[in-house]
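Taken together, the values in this text are just the output of simple stated rules run on the coordinates, not laboratory data. Remember, predicted model here, so these are calculated numbers, not experimental data. Methodologically, a virtual Cβ is constructed for each residue, glycine included, from the backbone with ideal geometry; neighbour enumeration extends over all protein chains shown.
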Amino acid sequence: IIDSAWKFCGFSAEIASMINEKSNLSNKSILRINIPDAPAPASMSLEEGYYLNSEKIVNTVKAFFK
């Protein structure tokens, strides 16, 4: 589940919870990719490391399936 919001109490948490409740999947079967649980940075240079991009998503998915 890719969500450009925080993991804690976010949209992806609700979707993961609903999937978990209605299926026999283990928690490790659901991958959530979110921004860090920290306040959004104010400078452009810090924003590049904070927000999701295609490279971060691909690397996270690859690491999940190793």
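Are any residues in the range 21-57 in a helix (DSSP H, G or I) and either surrounded by 11 or more Cβ atoms within 10 Å (Cβ to Cβ) or over 15 Å from the mean Cα position of the chain (by Cα) (or both), and if so, which ones? Within the range 21-57, E21, K22, S29, M44, S45, L46, E47, E48, Y50, K56, I57 qualify. Scanning the range 1-19 for residues that are surrounded by fewer than 13 Cβ atoms within 10 Å (Cβ to Cβ), polar (S, T, N, Q) and part of a helix (DSSP H, G or I) yields a total of 1.
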